[in-house]
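Student: The following block contains the structure, expressed as structure tokens.
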Amino acid sequence: MSSRLVNWFHFSSPATFYPLAGRLVPIFAVIAVILIAVGLYLSFFVAPTDYKQGEGYRIIFVHVPAAWMSMFIYLVMAFWAALGLIFNTRLSMMMAQALAPTGALFTFLALWTGAFWGKPMWGAWWVWDARLTSELILFFLYMGYIALQGAIDDTRRADRAGAILLLVGVVNIPIIYFSVKWWNTLHQGASVSLRGDVSMATTMLVTMLIMALGFWAYSIAVALKRVRCIILERERDAGWVGKLPEIRA
Amino acid sequence: MNWSEFWHMGGYALYVWASFGVTALLMIAEPLLVGGRCRNVRRRIARLRRLQQEENP
Amino acid sequence: MKARHKRLAYLAVGLAVLAAAAVLVFQALGNNMSYFFSPTEVVEGKAPRDHVIRIGGLVKPGTLQRGQELTATFVVTDNAHDVTVRYTGILPDLFAEGQGAIAQGRLNADGVFIADEVLAKHDENYMPPEVAEALEKGHQQGKAQMSGDQP
């Protein structure tokens, strides 16, 4: 138990995490490419036409995974921010910073694909119902975090300020998730609930889950790659950086 | 199913392809941008180190 | 008390206060966060009469009438109360009898809702047409059996 704990702190040092992340990036990248390729094939050639929305419903295969990732990444960032605030660990703050652009990207994609799904089916690109509005607020939270982090020159202060914004914003996540239950919204309810109730055909569900796993692996690969850049930027004066083969060459 | 029918997407071509297209575009662009950022950082640090070594050998 | 524990305590208290504030705000907002009123709320006078509002519910089967120049009349119901809606314009693809719809506009003096925008609301069920057909058939058979049992 205690040796495990020591191990975790061992990896919380940027010098040991940098090469570990370097080894993990290609693994997750390959997993992501395979899963997304399979997911795309299933999306267009295997999943059946919907009885009501015809071929138009296929947008769900990017919309729902993107929306899930937009919320999930935020929770993971808030987790790292909390760890960083409590234990004063530099690496967890870097992890939060590395995830932010990817989270913002998926939030944007959820909104974008949602607009292109809403127009033909509902008849509107955008409405100010609780689900759409809270997802837009999530996008602003990501942008606010990135801007706040970037605006403060002192890294430690920037990390602290960003972490507090992240933790305050966590309240928005359950609001997004339960908005369709708590209030009348134009957005429909969840097709896959936390309790495991599913209201879609099995092939459609499997396709969506495979795409979601692909997006998940993609996020890990990109975030680890980005955290490597951030580690280098922040630790450029450390001795171990100078010994790296890619720096000496 | 033939290809023209496939691209037509039952009349939802604009919406389906705009969704999948932009998603693909951004998810290809992001890793490339991150890769570029890493390359820049490495180059900058390598140059800095060289300069330091030249100053005090 | 270590510094780490102190920070943890600060964080826990801060988040608890935040959560409490959020709960209070949403309690206070209540129904104002909702996107539309149900026909029951409209009939019971809970929806403001002199404002532009949205009403939502199912389009009652058999009530959709298409008049001249894209004018359509239909009844929106929540199975308790009905509101008649008149709309001129193009209806969305998914708009159909028995489906969900949301209309934006205001009530006129006759209690008819004059809409300037109609949106279709769909549910979270996705399935291939064959399955939907089979379900529908099963449903009808079930109904037939029910009425057979109780003549």
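Every number in this text was worked out from the coordinates using simple rules, so none of it is lab data. Because the structure is predicted, anything quoted here is derived from the model rather than measured. Neighbour counts run over all protein chains shown; Cβ positions are idealised from the backbone, glycine included.
Student: Please compute the Kirkwood hydrodynamic radius over the protein assembly as shown, one decimal place, Å, based on all pairs of different Cα atoms.
Tutor: Taking the inverse mean of 1/r over all distinct Cα pairs, the protein assembly as shown comes out at 25.4 Å.
Student: Continuing with the same structure: Given the C-alpha atoms of region C:34-121, compute the convex hull and give its volume per residue in Å³.
Tutor: Spread over its residues, the Cα hull of region C:34-121 gives 88 Å³ apiece.
Student: Could you work out the local net charge near C:Thr63, counting Lys and Arg as +1, Asp and Glu as -1, over the other residues with Cβ closer than 10 Å to its Cβ?
Tutor: Here the count lands on -1.
Student: About its Cα centre, what dipole magnitude does region A:26-237 give when the only charges are +1 on Lys and Arg Cβ and -1 on Asp and Glu Cβ, stated in debye to the nearest 20?
Tutor: 140
Student: Taking chain A as the region of interest, what is the percent of Cα-Cα pairs per 5 angstrom bin, listed from the shortest bin to the one with the maximum distance?
Tutor: 1, 6, 12, 15, 16, 15, 13, 9, 6, 4, 2, 1, 0
Student: To one decimal place, what orientation-averaged projected area in nm² is obtained for the convex hull of the Cα set of chain B?
Tutor: 5.5
Student: Counting pairs of Cα atoms in region A:90-213, how many percent are more than 22 Å apart?
Tutor: 48
Student: Right, something else. What 222 nm value per residue comes from the helices of chain A, counting each DSSP H run with n ≥ 4 as -39,500 (n - 2.57) and dividing by all residues, nearest 500 deg cm²/dmol?
Tutor: For chain A, the value works out to -25500 deg cm²/dmol.
Student: Against the longest alpha carbon principal axis of chain C, how many degrees, from 0 to 90 and to the nearest 10, is the axis of helix C:3-29 turned?
Tutor: Approximately 30 degrees, to the nearest ten.
Student: Right, here's the next one. Given the rule -39500 (n - 2.57) for each run of at least 4 DSSP H residues, summed and divided by the residues of chain C, what is its mean residue ellipticity at 222 nm, to the nearest 500 deg cm²/dmol?
Tutor: For chain C, the value works out to -12000 deg cm²/dmol.
Student: Which loop-located trypsin sites (Lys or Arg not before Pro) does region C:32-76 contain, where loop means any DSSP state but H, G, I, E or B and the Cβ has at most 15 other Cβ atoms within 10 Å?
Tutor: Passing sites in region C:32-76 are C:Lys46, C:Arg49.
Student: Still on this structure, please answer the following. Within 10 Å of each residue's Cβ, count the other Cβ atoms and sort C:Leu58, A:Leu75 from fewest upward.
Tutor: Final ranking by Cβ density, sparse to dense: A:Leu75, C:Leu58.
Student: Give me a single rounded figure for A:231-238: the average over its residues of other chain Cβ atoms within 10 Å of their Cβ.
Tutor: Counting Cβ atoms of other protein chains within 10 Å of each residue's Cβ and averaging gives 3.
Student: Then there is this: Is there a pair in A:Lys181/C:Lys46; A:Lys119/C:Lys46; C:Lys60/C:Lys121 whose C-alpha atoms are over 24 Å apart, and which pairs would that be?
Tutor: A:Lys119/C:Lys46
Student: Return the Cα extents of region C:16-84 along principal axes one, two and three, sorted largest first, each rounded to a whole Å.
Tutor: For region C:16-84, the Cα extents along the three principal axes come out at 58, 25, 20 Å.
Student: Another question, if that's okay. From the alpha carbon gyration tensor of chain C, can you work out the equivalent ellipsoid semi-axes (sqrt of 5 times each eigenvalue) and give them in Å, largest to smallest?
Tutor: Value: 42, 26, 16 Å, ordered largest first.
Student: Peptide A:185-194: average number of partner chain Cβ atoms within 10 Å per residue?
Tutor: The mean count of partner-chain Cβ atoms within 10 Å per residue comes to 4.
Student: Sticking with this one: Over the whole of A:197-206, what's the average partner chain Cβ count within 10 Å per residue? Rounded to a whole number, please.
Tutor: Counting Cβ atoms of other protein chains within 10 Å of each residue's Cβ and averaging gives 3.
Student: Return the loop-located chymotrypsin sites (Phe, Trp or Tyr not before Pro) in region A:73-153 (DSSP other than H, G, I, E, B) with at most 16 other Cβ atoms within 10 Å of their own Cβ; answer none if there are none.
Tutor: Those that pass, being in a loop and sparsely packed, are A:Trp125, A:Trp126, A:Trp128.
Student: Shifting gears a bit: Working from Cα positions, state the angle (0 to 90°, nearest 10) between the long axis of helix C:129-149 and the longest principal axis of chain C.
Tutor: Orientation of helix C:129-149: about 70 degrees from the principal axis.
Student: List the relative contact order of region A:26-237 as a percent without decimals, with contacts defined as Cα pairs under 8 Å and 6+ residues apart.
Tutor: Value for region A:26-237: 36 percent.
Student: A further question on this structure: Measure nothing but the geometry: give the 0 to 90° angle between the long axis through the Cα atoms of A:14-41 and the longest principal axis through the Cα atoms of chain A, rounded to 10°.
Tutor: 20
Student: Return the loop-located trypsin sites (Lys or Arg not before Pro) in region A:141-224 (DSSP other than H, G, I, E, B) with at most 13 other Cβ atoms within 10 Å of their own Cβ; answer none if there are none.
Tutor: A:Arg195
Student: Given the protein assembly as shown, what percent of its DSSP beta bridges are antiparallel, to the nearest 5?
Tutor: DSSP beta bridges in the protein assembly as shown are roughly 85 percent antiparallel.
Student: Tally Lys/Arg at +1 and Asp/Glu at -1 over every other residue whose Cβ is under 10 Å from the Cβ of A:Met94; what's the total?
Tutor: Local charge sum for A:Met94: +1.
Student: While we're here: What net charge is computed for the residues neighbouring A:Ala151, neighbours being all others with C-beta under 15 Å from the C-beta of A:Ala151, Lys and Arg scored +1, Asp and Glu -1?
Tutor: After counting each charged neighbour, the total is 0.
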